[in-house]
Each structure stands twice: as structure tokens, then as C-alpha cells.
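Below is one structure, written out as C-alpha cells; comments come after it.
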Amino acid sequence: MQAVQLANGRGLGHQNAFLFHRPTRILLWQQNRLGVSFLDLAHYLNRDVDFVSFFLFEPVGVEEAWSHFANNSIKKAVVKFAGERPADPPEGEVVPAILQARDIAERYSGLEVEITISVGRSRQHFLNKHKLGDTIRRLTLRDDLEKLKVFTDGDLNEKVLDFIDEHMENIAKLDLPSDDPDRNYTVRKSFLRESFESRLADLVARYGS
């Protein structure tokens with residue numbers, strides 16, 4: 001294979017636009033099916049680092065969802081994977097144990113797998129919140145994740161937290177010209193800047209120094 005030769009400023013990543021806010025260290029990332037995923041970006045940035053990932057990405061969760069998660073007992077978690085499995089992580093990368101079920105489905109040529117972890121009807125036992133929280137943050141970065149729900153048991157009875165929908169994101173349908181890459185990118189970057197400005201007060205309050 002031969003390396004692709006590209007002029008400066010004409011890289012293959014033009015399908016992604018991004019903005020980085022230095023005071024909060026928040027990266028706002030635009031992507032679509034043709035763009036680069038967070039997993040691919042993290043793998044690229046950490047390709048020369050041994051044993052540990054130097055660059056880590058975690059989605060910004062909706063504050064109410066994580067607050068409820070932190071202050072209530074967890075009874076059940078449901079995870080569903082669908083579609084083609086992403087590339088294997090670099091050797092030495094910490095991988096949630098729940099992903100082993102994803103591998104099991106592939107052995108049977110399955111395209112989808114849904115995993116439920118529960119304490120059943122027990123009123124004395126609950127899931128390990130620390131491990132589950134870490135797993136949720138890692139799973140939300142995956143492209144093949146279709147469902148990620150947590151069922152809590154609190155003072156106001158059961159509540160379902162949907163961690164696919166309950167993280168901060170802005171979604172819009174943009175008119176993107178296919179014959180003008182520069183204009184295409186400008187439209188997407190403008191959308192990002194407007195999205196960032198609409199969220200900035202909350203982000204600074206939560207992550208500002």
C-alpha cells in the first residue's frame with residue numbers, strides 16, 4: 001500500500017468539523033456516517049502511546065441524569081449493540097467486561113445483542129455504581145451502541161435513565177453543498193459555533209476553572 005499524497009489543508013478528515021474551548025477543555029465535535037468517530041480519533045491520537053491512553057474523550061452528560069444516577073441505587077442496566085463492531089481497541093486498552101457479550105454474538109454470526117444486568121427483585125442488593133458509571137462513559141463513545149438504559153430505585157420509585165439520549169448534543173439538518181468543500185465546512189462550523197454559544201453558560205459553570 002502507498003501513502004495517500006495530499007496538499008496541506010486537504011486532509012481526509014474534512015467530513016468532521018470541531019471547536020475546542022480552552023477554559024473548559026470541551027471539544028464540540030460534528031460528525032456523520034462518512035466522518036471520523038471518537039473511537040477512531042482516540043486511536044489515532046494514542047497510536048504512539050504504550051500501556052495507557054493519553055487522550056480520553058467522555059461525552060458531557062445531561063446534569064439531571066448523572067445527578068439522579070449518583071444519588072440513587074441502581075437495580076438494572078440494559079445495553080444493546082447493533083451493526084458492525086468497531087475495530088479492536090489498542091493492546092492494553094481497558095475494555096469494559098460487558099463487551100465480551102458483543103464478541104459472543106459475533107461467534108454465532110449475530111448482528112445484534114442485548115445484555116441485561118439486574119439484581120432481580122431483591123430490595124437489599126444493587127449494582128456496583130462506580131464500575132457501572134465508568135462503563136457507561138466508555139460505552140457512549142461507541143458507534144455500535146443502540147441502547148443504554150439504567151433503572152434506578154429511589155425515593156420516587158423507579159426511574160429509567162436513557163444514556164444515549166441524555167447526553168449533551170445539538171442535532172440539526174443542514175443544507176450542505178456537495179460541490180464546494182470549503183462552503184460545506186463553513187456551514188457545519190457555523191452550526192457548531194451557534195451550538196457552543198447556546199451551551200456555553202452551562203459548560204463554564206460545570207467545567208470552568
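May I ask you to verify whether residue 43 is at pLDDT 75 or above, open to solvent by 90 Å² or more (accessible area, probe 1.4 Å) and either closer than 27 Å to residue 199 by Cβ or not assigned by the TED database to the domain that holds residue 147 (or both)?
Judged against the criteria, residue 43 is a match.
Is it true that some residue in segment 81-103 is modelled with pLDDT of 80 or more and either on the phi > 0 side of the Ramachandran plot or basic (Lys, Arg) (or both)?
Within segment 81-103, not a single residue is modelled with pLDDT of 80 or more and either on the phi > 0 side of the Ramachandran plot or basic (Lys, Arg) (or both).
Which condition number in (1) open to solvent by less than 30 Å² (accessible area, probe 1.4 Å); (2) modelled with pLDDT of 85 or more is the one that residue 117 fails?
(1)
If I filter segment 158-173 for residues that are loosely packed, with under 14 Cβ neighbours inside 10 Å and in a helix (DSSP H, G or I), do I get at least one hit?
Looking through segment 158-173, none of the residues is loosely packed, with under 14 Cβ neighbours inside 10 Å and in a helix (DSSP H, G or I).
Give me the pairs: first residue in segment 109-136 and more than 12 Å from residue 150 (Cα to Cα) and charged (D, E, K, R), second residue at pLDDT below 85 and assigned to a strand (DSSP E or B), beta-carbon distance under 6 Å, and six or more apart or on different chains, which are they?
112/82
So is residue 151 modelled with pLDDT of 90 or more, assigned by the TED database to the domain that holds residue 74 and open to solvent by 40 Å² or more (accessible area, probe 1.4 Å) or not?
No.
Give the residues of segment 133-146 that are open to solvent by less than 60 Å² (accessible area, probe 1.4 Å) and either in contact with a strand residue (DSSP E or B) (Cβ under 6 Å, 6 or more places away or on another chain) or among the β-branched types (Val, Ile, Thr) (or both), sorted by residue number.
Answer for segment 133-146, where residues must be open to solvent by less than 60 Å² (accessible area, probe 1.4 Å) and either in contact with a strand residue (DSSP E or B) (Cβ under 6 Å, 6 or more places away or on another chain) or among the β-branched types (Val, Ile, Thr) (or both): 135, 136, 139, 140, 144.
Tell me which residues, restricted to segment 12-37, are modelled with pLDDT of 75 or more and among the hydrophobic types (A, V, I, L, M, F, W, C).
17, 18, 19, 20, 26, 27, 28, 29, 36
The values are calculated or read from the model by the stated rules, or taken from the named source; none is laboratory data. For clarity, every value in this text was computed on a predicted model and none was experimentally measured. Cβ sites come from the backbone with ideal geometry, for glycine too, and all protein chains shown count toward neighbours. Areas reflect the complete protein model, heavy atoms only, side chains present, ligands, DNA and RNA absent. Shrake-Rupley method; radii C 1.70, N 1.55, O 1.52, S 1.80 Å.
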